[in-house]
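The values are calculated or read from the model by the stated rules, or taken from the named source; none is laboratory data. Treat the numbers as computed from the prediction; the structure is a model and nothing was measured. Heads up, the Cβs are rebuilt from the backbone with ideal geometry, glycines too, and the neighbour counts pull from every protein chain shown. Just the protein is used for accessible areas: all its heavy atoms, side chains included, with ligands, DNA and RNA removed. Shrake-Rupley method; radii C 1.70, N 1.55, O 1.52, S 1.80 Å.
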Amino acid sequence: AEGVPYPLWVPYLGAGMPLFQFYGPVNFLLAAPWILAGLGPVSALKAELFAGHVLSALSFFAAARHLGAGRRAALVACAAGAFSPWRLAVFDYRGALGEANAFVLAPLAAASALRAAREPGPRTSAWLLVSVAGLVLTHPPTILTLFVALLPALAVQEIEARGSAPERFRRLGAAAIPVALAAGLTAWWWLPAAGEGGATSLAARSGESRYFRYREHGVAPASLL
């Protein structure tokens with residue numbers, strides 16, 4: 001990143017693939033303490049991945065408690081999150097830094113969204129604001145996958161909830177406001193990143209590689225179905 005604390009993209013990663021698709025500045029900033037401690041790049045990466053693994057397990061515990069689970073149930077959630085196959089694959093097999101760090105914030109974002117849509121409150125809104133803003137600056141695709149996963153849960157929660165239509169809109173609005181604020185507070189990064197994404201000339205750099213052809217591997221809205 002050449003000393004820039006919040007880089008938008010690195011031209012040598014993925015044949016010029018914009019980092020907006022995968023990594024945000026939080027991933028670089030989390031490595032700073034390990035580098036300042038004297039670790040080399042590889043050792044700092046390993047330390048950051050391990051720290052993220054521990055913090056993500058604690059995040060699952062905190063998310064379960066935030067939703068009202070007891071200590072034993074929260075410990076089960078903690079273990080399930082720490083040893084889930086995809087989490088271990090991201091951490092150990094793939095070494096995907098952005099996705100690994102996203103697990104630190106995703107459980108809190110999900111729990112806060114469900115709680116805010118059910119029982120709005122200043123504390124819940126603050127947790128939702130911080131976790132969503134952190135996710136945007138860590139791994140933006142996780143925002144999309146989390147949104148798709150939360151939709152049915154929110155729908156079931158609303159079906160089971162009691163209250164008039166104005167009350168429902170008030171609760172859902174209370175959940176949407178922190179998300180909108182998080183998007184606005186992080187616009188300083190994601191707007192320039194989106195604008196500079198085309199400057200990497202991905203198609204020109206990867207004409208001979210089928211893997212890096214954006215048109216073949218880009219996600220269209222219909223693909224979500």
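The table for this structure:
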{"quantity": "Pairs, first charged (D, E, K, R) in region 32-50, second open to solvent by less than 60 Å² (accessible area, probe 1.4 Å) and not in a helix (DSSP H, G or I), C-beta under 6 Å, six or more apart", "calculated": "GLU48/ALA31"}
{"quantity": "Count of residues meeting criterion [out of contact with any Cys (no Cβ under 6 Å at 6 or more places or on another chain) and either under 21 Å from TRP86 (Cβ atoms) or charged (D, E, K, R) (or both)] in region 42-66", "calculated": "17"}
{"quantity": "Any pair with Cβ under 6 angstrom, 6 or more apart, that starts in region 153-177 at a residue that is open to solvent by 50 Å² or more (accessible area, probe 1.4 Å) and ends at one that is aliphatic (A, V, I, L, M)", "calculated": "LEU172/ALA117"}
{"quantity": "Verdict on ILE143 being under 19 Å from the mean Cα position of the chain (by Cα), of a type in the set (A, V, I, L, M) and at pLDDT below 90", "calculated": "yes"}
{"quantity": "Selection from region 69-103 of residues that are open to solvent by 40 Å² or more (accessible area, probe 1.4 Å), without any contact (Cβ under 8 Å) to a residue 40 or more places away in the chain, not in a loop (DSSP other than H, G, I, E, B) and not acidic (Asp, Glu)", "calculated": "ARG71, ARG72, ALA73, LEU75, VAL76, ALA79, ALA80, PRO85, TRP86, LEU88, TYR93, ARG94"}
{"quantity": "Count of region 123-133 residues which are in contact with a Pro (Cβ under 8 Å, 6 or more places away or on another chain) and either more than 14 Å from ALA182 (Cβ to Cβ) or surrounded by fewer than 21 Cβ atoms within 10 Å (Cβ to Cβ) (or both)", "calculated": "3"}
{"quantity": "Conditions (1) open to solvent by less than 30 Å² (accessible area, probe 1.4 Å); (2) of a type in the set (A, V, I, L, M, F, W, C); (3) within 28 Å of VAL42 (Cβ to Cβ); (4) modelled with pLDDT under 90; number of the one not met by ALA106", "calculated": "(4)"}
{"quantity": "Qualifying residue in region 35-55 (condition: polar (S, T, N, Q), out of contact with any Lys or Arg (no Cβ under 9 Å at 6 or more places or on another chain) and within 22 Å of LEU114 (Cα to Cα))", "calculated": "no"}
{"quantity": "Condition broken by HIS66, with the remaining ones in (1) surrounded by fewer than 19 Cβ atoms within 10 Å (Cβ to Cβ); (2) over 17 Å from THR145 (Cα atoms) satisfied", "calculated": "(1)"}
{"quantity": "Among (1) surrounded by fewer than 21 Cβ atoms within 10 Å (Cβ to Cβ); (2) part of a helix (DSSP H, G or I), the one test that PRO120 misses", "calculated": "(2)"}
